[in-house]
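Q: Please see the structure below; I have some questions.
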Amino acid sequence: MSLFFTSLSIPLLLPFLSLFLLLFSFFIQWKFGRAPKVVNPGPTSHPLLGCLIAFYKNRRRLLHWYTDMLSVSPSKTIIVSRLGARRTIVTANPQNVEYMLKTNFTNFPKGKPFTEILGDFLGNGIFNADGDLWYAQRKSVTHLFTTRSLRDYVDNVLKEDVEKKLLPLLESAAEEVEGKPLDLQDVLRRLAFDLVCKFSLGYDPCCLEYHSLDTPHPVLEAFDVASDMCARRGAAPLSAMWRVKRFFDVGSERRLREAVSRIHLFINEVVGEKKRKLAMSCSDTGSIDQSTESDDLLSKMLSDGKEEEVVRDIMISFIMAGRDTTSAAMTWLFYLLSCHRDVENEVVRELRLVENEENLSKYESLKELRWLKACICESMRLFPPVAWDSKHATTDDFLPDGTRVQAGDRVTYFPYGMGRMEGLWGQDQLEFKPERWISKLEEGRIKALKNVDPYKFPVFQAGPRVCLGREMAFIQMKYVVAAILKRFRIRPVTPGHPVFVPLLTAHMAGGFKNSSFLDHGLGTGVGYGIGPVRLEFFRVGTTGHIDQGVPVPVEVKPSAIEIICQ
Ligand code: HEM
């Protein structure tokens, strides 16, 4: 038989073999040949260990490490493979970002590794859902962000909280000569929490009460603990570690469970109260009375007959999405403005100009604040509230730059690194220059800002899952920053850079307190946070302190504002 095979079949088989090889090479070409030769340098790797050693060495400066590697990667993509962790592709390439967030969106869901980590906290809420579950929620809440609802938000929610709570609080702080340092970031976080609760629940938790600033607000604290503990899950070298802890209900997992219980209790109480109110309005009129029905998300969901657990999870997602993001963005903006007085003066000049224009509603006048918007974008380019965000590939794929993706890979788009790529922003990429956002200037007035490609600047994500609160966030930030800058100036007292802490949402830390995520500020490219950044807080005089149309800081009673965290 074997003799027959060798003597007779070889000449016969040769054409088949050649055909097979030819087809096979076509197949390989088809399957893998779409990929141009791609160079993803990435970290130094060793057999078996992968880049574990380099990763460990850089674990406290991951943002920098990734940014440095990406800036020298020709494809602007790197692959991080290490023992015990999922293969991770980190990209700062806008074409790749567009591909994963839009073109082949369905192949890049958040994925189980993500939703499991946040599942105990966020349940199936929009922030933690994929596929049909996500789509149904997205569809049911998108209509809430209309121009009309944003106008109402400005005229009712924002106006009340800023005028009646925030400004009086800052006034009192400015009056204290030797007052206690005020943590500006904490004030802004409390404000953002009150605002998002009012918008989504129609309930004011009143975190922004001056006298309660010393004590953490129990619900806000529960949200902090829950998101920190989830971030810890994500950072654990082995996921089995948190699962074991959860099983035995110890340590961080116990804290997470307790925090989530507190959050559920809070939301359930608000939902119960809202249901009673809606039921009362129904029993009075026989149906839900449109005039008494509030505009908040919760009322709408209950009126639509959504189940209580579903409603609860959506509420938690919204609060998470809206609470820390705007406050982080504003904190960095105030810091950057305090270091760039010329830019700040320009903001104030624009405020005065717009204020003098008649017939503009508050909402419309906010739209006119284009220089301020440019400053906010520029600040978020350098310090994005969501520094990185990951998806998990469902099937094998190729990114447009040729990077091969394997099913199950984590694919991370990286707004922090993208904001610092010379190829995307030019040689002055590390400088705070809001003018880079201007597209049309006429007689000293900005007429239009550039439409920057959202995949080059994905701070709000982009594509079908783009942040739902984007417009609301800009409106909120403009309103708050304008209100503060009309009356106050914030100045750094000590030199040094604040520390950027990229947890679930990034925030500013005051120094070495959070030793696991040290980072430096802007510009130098080296160094770490060096102690709390102290800011002085000036009140701007209301009369007679105008210098060439720009108010100068004249109030002589500065009290230190310390931006601290944890
Ligand atoms: C500067 C402020 C903000 C930034 C930078 C920001 C950024 C983002 C990002 C990056 C995502 C995608 C997260 C992910 O899928 O993993 C997102 C989603 C989302 N954001 Fe925002 N956000 C901001 C403010 C807000 C506000 C004020 C709200 C509303 C109250 C909001 C509501 C949402 C919602 C509901 C989603 C989920 C969208 C979906 O999955 O379909 N955001 N945001």
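The values are calculated or read from the model by the stated rules, or taken from the named source; none is laboratory data. Since we're looking at a predicted model, the values are computed, not measured. Using ideal geometry, Cβ is built from the backbone for each residue, glycine included, and neighbour counts are taken over all protein chains shown.
Q: Tally the residues that are in contact with an Asp or Glu (Cβ under 7 Å, 6 or more places away or on another chain) and either near the ligand (Cβ under 10 Å from one of its atoms) or of a type in the set (D, E, K, R) (or both), restricting the search to the stretch 110-143.
A: Adding up the residues that qualify gives 2.
Q: Also, I was wondering about something else. Please work out if Ile484 is crowded, with 16+ Cβ neighbours inside 10 Å, among the β-branched types (Val, Ile, Thr), within 16 Å of the ligand (Cβ to nearest atom) and in a helix (DSSP H, G or I). Spell out the reasoning first.
A: Numbers: crowded, with 16+ Cβ neighbours inside 10 Å: yes; among the β-branched types (Val, Ile, Thr): yes; within 16 Å of the ligand (Cβ to nearest atom): no; in a helix (DSSP H, G or I): yes.
In short, no.
Q: So, one more: Against the condition part of a helix (DSSP H, G or I), in contact with a Phe, Trp or Tyr (Cβ under 7 Å, 6 or more places away or on another chain) and either free of Cβ contacts under 8 Å to residues at least 60 places away in the same chain or in the same structural domain as Pro502 (by TED's automatic domain parsing) (or both), how does Arg233 come out, does it pass? Quick ask: steps written out before the conclusion?
A: Values: part of a helix (DSSP H, G or I): yes; in contact with a Phe, Trp or Tyr (Cβ under 7 Å, 6 or more places away or on another chain): yes; either free of Cβ contacts under 8 Å to residues at least 60 places away in the same chain or in the same structural domain as Pro502 (by TED's automatic domain parsing) (or both): yes.
Yes: the conditions hold for Arg233.
Q: Name every residue in the stretch 437-456 that is part of a loop (DSSP other than H, G, I, E, B) and surrounded by fewer than 11 Cβ atoms within 10 Å (Cβ to Cβ), in order of residue number.
A: If we filter the stretch 437-456 for residues that are part of a loop (DSSP other than H, G, I, E, B), which is where we start, we get 443-444, 450-456.
Those that are part of a loop (DSSP other than H, G, I, E, B) and surrounded by fewer than 11 Cβ atoms within 10 Å (Cβ to Cβ): Glu443, Gly444, Asn451.
Q: All but one of (1) within 22 Å of the chain's Cα centre (by Cα); (2) of a type outside the set (D, E, K, R); (3) under 29 Å from Arg190 (Cβ atoms) hold for Ala173; which doesn't?
A: Result: Ala173 fails condition (1) only.
Q: Between residues in the stretch 446-468 that are free of Cβ contacts under 8 Å to residues at least 40 places away in the same chain and under 16 Å from Thr505 (Cβ atoms) and residues that are within 11 Å of the ligand (Cβ to nearest atom) and not small (Gly, Ala, Ser), which pairs lie under 7 Å by C-beta distance while being six or more apart or on different chains?
A: Phe460/Val466; Phe460/Cys467; Phe460/Arg470
Q: OK, next. Take the residues in the stretch 300-320 that are more than 9 Å from the ligand (Cβ to nearest atom) and closer than 12 Å to Gln137 by Cα; name whichever of them is modelled with the lowest pLDDT.
A: The extreme case among them is Lys306.
Q: Further question on the same structure: Out of Ile79, Ile53, Ile89, report the one residue that is of a type in the set (A, V, I, L, M) and in contact with a Gly (Cβ under 6 Å, 6 or more places away or on another chain).
A: Details: Ile53 fails: in contact with a Gly (Cβ under 6 Å, 6 or more places away or on another chain); Ile89 fails: in contact with a Gly (Cβ under 6 Å, 6 or more places away or on another chain).
Testing whether each residue is of a type in the set (A, V, I, L, M) and in contact with a Gly (Cβ under 6 Å, 6 or more places away or on another chain) leaves just Ile79.
Q: Picking from Thr106, Thr146, Thr142, which residue would you name as being loosely packed, with under 14 Cβ neighbours inside 10 Å, modelled with pLDDT of 95 or more and under 23 Å from the mean Cα position of the chain (by Cα)?
A: Numbers: Thr146 fails: modelled with pLDDT of 95 or more; Thr142 fails: modelled with pLDDT of 95 or more.
Checking each option against the conditions leaves just Thr106.
Q: Based on this model, can you work out whether Arg151 counts as among the basic types (Lys, Arg) and either in contact with a Ser or Thr (Cβ under 7 Å, 6 or more places away or on another chain) or without any contact (Cβ under 8 Å) to a residue 12 or more places away in the chain (or both)? Spell out the reasoning first.
A: Numbers: among the basic types (Lys, Arg): yes; either in contact with a Ser or Thr (Cβ under 7 Å, 6 or more places away or on another chain) or without any contact (Cβ under 8 Å) to a residue 12 or more places away in the chain (or both): no.
Here the answer is no, as Arg151 does not meet what is asked.
Q: Just one of Pro216, Pro205 is over 30 Å from Arg86 (Cα atoms), without any contact (Cβ under 8 Å) to a residue 12 or more places away in the chain, assigned to a loop (DSSP other than H, G, I, E, B) and out of contact with any Ser or Thr (no Cβ under 8 Å at 6 or more places or on another chain); which is it? Before the answer, list the steps.
A: Numbers: Pro205 fails: without any contact (Cβ under 8 Å) to a residue 12 or more places away in the chain.
Of the residues listed, the single one that is over 30 Å from Arg86 (Cα atoms), without any contact (Cβ under 8 Å) to a residue 12 or more places away in the chain, assigned to a loop (DSSP other than H, G, I, E, B) and out of contact with any Ser or Thr (no Cβ under 8 Å at 6 or more places or on another chain) is Pro216.
Q: If you take the residues in the stretch 209-237 that are within 16 Å of the ligand (Cβ to nearest atom) and not charged (D, E, K, R), which one is modelled with the lowest pLDDT?
A: Here is the first cut: in the stretch 209-237, the ones within 16 Å of the ligand (Cβ to nearest atom) are 220, 223, 227, 230-231, 233-234.
Applying the additional criterion that residues be not charged (D, E, K, R) yields 220, 223, 227, 230-231, 234.
Numbers: Leu220: 91, Phe223: 94, Ser227: 90, Cys230: 91, Ala231: 85, Gly234: 80.
Applying the filter and picking the extreme gives Gly234.
Q: For the stretch 342-365, how many residues meet the condition of being hydrophobic (A, V, I, L, M, F, W, C) and part of a loop (DSSP other than H, G, I, E, B)? Give the steps one after another, and end with the answer.
A: Going residue by residue through the stretch 342-365, those that are hydrophobic (A, V, I, L, M, F, W, C) are 343, 347-348, 351, 353-354, 360.
Imposing the further condition that a residue be part of a loop (DSSP other than H, G, I, E, B) reduces the set to 360.
Selection size over the stretch 342-365: 1.
Q: For residues that are surrounded by 24 or more Cβ atoms within 10 Å (Cβ to Cβ) and not hydroxyl-bearing (Ser, Thr, Tyr), scanning just the stretch 321-332, find the one that is nearest to the ligand (Cβ to nearest atom). Don't jump to the end; show me each part of the working.
A: Step one: filter the stretch 321-332 for residues surrounded by 24 or more Cβ atoms within 10 Å (Cβ to Cβ), giving 323-332.
Checking the rest, the ones that are also not hydroxyl-bearing (Ser, Thr, Tyr) come to 323-324, 328-330, 332.
On the way: Arg323: 8, Asp324: 9, Ala328: 7, Ala329: 4, Met330: 8, Trp332: 10 Å.
So the residue we want is Ala329.
Q: Another question, then. For Ser287, are the conditions met, namely being modelled with pLDDT under 85, touching a Gly at 6+ places or on another chain (Cβ under 6 Å) and surrounded by fewer than 19 Cβ atoms within 10 Å (Cβ to Cβ)?
A: Numbers: modelled with pLDDT under 85: yes; touching a Gly at 6+ places or on another chain (Cβ under 6 Å): no; surrounded by fewer than 19 Cβ atoms within 10 Å (Cβ to Cβ): yes.
So Ser287 fails the test.
Q: Only helices (runs of 4 or more DSSP H) wholly contained in the stretch 366-436 count here; list those with 1 or more residues that are without any contact (Cβ under 8 Å) to a residue 60 or more places away in the chain, within 16 Å of the ligand (Cβ to nearest atom) and within 30 Å of Asp155 (Cα to Cα). Spell out how you get there, then give the answer.
A: Values: elements: 370-382, 415-418, 422-425.
Of the helices (runs of 4 or more DSSP H) lying wholly inside the stretch 366-436, those with at least 1 residues that are without any contact (Cβ under 8 Å) to a residue 60 or more places away in the chain, within 16 Å of the ligand (Cβ to nearest atom) and within 30 Å of Asp155 (Cα to Cα) span 370-382.
Results for (1) basic (Lys, Arg); (2) farther than 21 Å from Leu337 by Cβ, shown as yes or no for each residue.
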residue	(1), (2)
Tyr413	no, yes
Arg420	yes, no
Lys433	yes, no
Leu441	no, no
Lys456	yes, yes
Cys467	no, yes
Ala473	no, no
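Q: Further question: If you go through the stretch 100-108 one residue at a time, do you hit one that is of a type outside the set (Ser, Thr, Tyr), more than 14 Å from the ligand (Cβ to nearest atom) and more than 24 Å from His264 (Cα to Cα)? Give the steps one after another, and end with the answer.
A: Step one: filter the stretch 100-108 for residues of a type outside the set (Ser, Thr, Tyr), giving 100-102, 104-105, 107-108.
Subset that is more than 14 Å from the ligand (Cβ to nearest atom): 104, 107.
Next cut, more than 24 Å from His264 (Cα to Cα) only: 104, 107.
Within the stretch 100-108 (the criterion being of a type outside the set (Ser, Thr, Tyr), more than 14 Å from the ligand (Cβ to nearest atom) and more than 24 Å from His264 (Cα to Cα)), the answer is yes, since at least one residue qualifies.
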